[in-house]
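J.: Structure in structure tokens, see below.
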Amino acid sequence: MAAPSPGPREVLAPSPEAGRRAATSSSSRRGILWRLRDKQSRLGLFEISPGHELHGLTCMMQAGLWAATQVSVDHPLMGLPSQEDFSEVLTQVHEGFELGTLAGPAFARLRRSLGLAEEDYQAALGPGGPYLQFLSTSKSKASFFLSHDQRFFLKTQRRREVRVLLTHLPRYVQHLQRHPHSLLARLLGVHSLRVAQGKKKYFIIMQSVFYPAGRISERYDIKGCEVSRWVEPAPEGSPLVLVLKDLNFQGKTINLGPQRSWLLRQMELDTTFLRELNVLDYSLLMALQCLHEDERGQGSCLIFRMARSVQGAQGPEEPEAQNRRLLPDAPNALHILDGPEQRYFLGLVDLATVYGLRKRLEHLWKTLRYPGRTFSTVSPARYARRLCQWVEEHTE
């Protein structure tokens with residue numbers, strides 16, 4: 001889709017029954033205490049179980065992703081990366097549907113560079129447990145899901161958005177190699193799903209920025225503007241998990257202490273990259289979690305990760321140019337930043353909107369519709385500058 005392909009491949013998919021049995025066996029060994037703790041961490045989320053309108057769709061996604069990942073389990077990547085990694089399309093035929101895997105080898109290499117085992121990825125996204133749904137405050141018509149362990153985020157995408165992501169994928173991978181502690185969300189897979197002879201639907205998979213979610217108290221989606229950037233908060237005591245927006249954060253501050261300078265520099269590096277791609281309308285996802293007394297100010301909680309996932313490109317770049325930092329010894333460390341009293345989960349998401357003719361016309365219309373007010377549809381240079389300014393003004 002993004003470049004001339006060595007030729008689409010179509011194969012009969014293996015059955016995920018073995019994976020389902022293994023997941024069921026593993027679940028039975030976890031014990032009642034684990035299941036109670038897992039249920040508590042899901043407050044505000046809804047299982048997509050039988051009877052849910054999306055149950056059939058997610059079951060097909062699970063079976064398809066199990067089979068798609070089995071390809072890279074059975075045939076581990078050997079040798080150096082190639083351009084063909086980014087253009088391969090593999091279609092697996094299942095009973096009643098087909099699942100396409102786009103740029104599969106490129107994403108398998110990216111997952112490996114993050115230290116993510118294919119078997120763990122397969123177990124989380126396969127048929128071992130129902131996907132989860134939350135009440136989205138997004139204005140898009142996309143569907144959003146979480147894997148049953150909340151580690152991975154799935155989102156439906158338009159065809160044109162997928163085309164943009166695949167076109168930019170080589171540069172995206174290169175940016176992560178140069179800046180291994182980047183705030184960009186880690187994109188882990190792009191797929192298509194066709195039911196019977198129907199129209200293809202596309203979806204992406206990425207690491208969830210808000211993981212682990214058990215103690216998160218507030219969530220925000222920040223764009224650095226004011227139009228349509230207010231969400232009515234859930235009533236006190238409600239189990240709903242809402243992602244709030246810019247205007248909900250007014251009067252609040254992100255207290256990072258000495259980590260602030262790192263964040264400002266990384267925001268500059270990442271938004272400069274997105275500006276060069278002519279991309280806008282992305283969001284800074286942010287969540288807050290209070291640190292316990294014994295977690296505050298402990299230097300021993302920080303380690304300098306020397307794993308391949310954070311070493312970055314083996315090139316002439318110095319660590320200072322890569323803007324590395326000390327990572328917390330925690331799951332999802334690349335998206336976690338600890339301040340003196342709070343832990344912050346931070347990541348840049350929604351990287352597929354290009355400033356083309358459609359958005360330029362939208363900019364003109366909004367200029368007339370909202371005189372003197374700030375809105376999201378502006379040039380990529382202005383968008384990047386404004387979001388960096390928002391972070392600078394709301395951090396200390």
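Bear in mind these aren't lab numbers, they're just calculated from the coordinates by the rules spelled out. Computed from a predicted model, the values in this text were never measured in an experiment. Reconstructed Cβ throughout: ideal geometry from the backbone, glycine too, with neighbour counts over all protein chains shown.
J.: Report, in whole Å, the centroid distance computed from the Cα atoms of segment 137-172 and segment 181-247.
T.: Cα centres, segment 137-172 to segment 181-247: 10 Å.
J.: Say R0 is 35 Å: what FRET efficiency, to the nearest 0.05, do Leu361 and Gln174 get from their beta-carbon distance?
T.: Here the calculated transfer efficiency is 0.65.
J.: Output the antiparallel fraction of DSSP beta bridges having both residues in segment 127-260, as a percent to the nearest 5.
T.: Of those bridges, close to 90 percent are antiparallel.
J.: Turning to a different aspect of this structure: What residues of segment 170-197 lie in the reach of a label at Arg265, counting those whose backbone N is under 16 Å from a point 7 Å from the Cα along Cα→Cβ?
T.: Output list for this probe position: 178-183.
J.: Whole number please: convex hull volume per residue, Cα atoms of segment 228-297, in Å³.
T.: Spelled out: Cα convex hull of segment 228-297, divided by residues, is 146 Å³.
J.: Which aspartates and glutamates, on any chain, are close to Lys359 with Cα under 20 Å apart, when same-chain ones fewer than 8 places away are left out?
T.: Those aspartates and glutamates meeting the cut-off are Glu161, Glu226, Glu276, Asp281, Asp350.
J.: Using modelled amide H (1.01 Å from N, peptide plane; none on Pro or chain starts), what sits under 5 Å from the amide H of Phe152, excluding residues fewer than 5 places away?
T.: Result for Phe152 returns Ser147, Ser208.
J.: Relative to the Cα centre, what is the charge dipole magnitude of segment 44-178, using +1 at the beta carbon of each Lys and Arg, -1 at the beta carbon of each Asp and Glu, and rounding to the nearest 20 debye?
T.: Result for segment 44-178 is approximately 820 debye, rounded to the nearest 20.
J.: How much length is gained on full extension from Ala117 to Arg9, taking 0.36 nm per residue of separation minus their Cα-Cα distance?
T.: So the chain would gain 36.4 nm between Ala117 and Arg9.
J.: Using the Cα centre of segment 139-204 as the reference point, and only Cβ charges (+1 on K/R, -1 on D/E), how large is the resulting charge dipole? Debye, rounded to the nearest 20.
T.: The calculation lands at about 400 debye.
J.: Using alpha carbon centroids, what distance separates segment 319-396 and segment 75-126, in Å?
T.: After rounding, the separation between the Cα centres reads 29 Å.
J.: Pick out, in residue order, every one of the trypsin sites (Lys or Arg not before Pro) in segment 195-242 that is DSSP loop and has at most 14 other C-beta atoms within 10 Å; say none if there are none.
T.: Lys199, Lys200, Arg215
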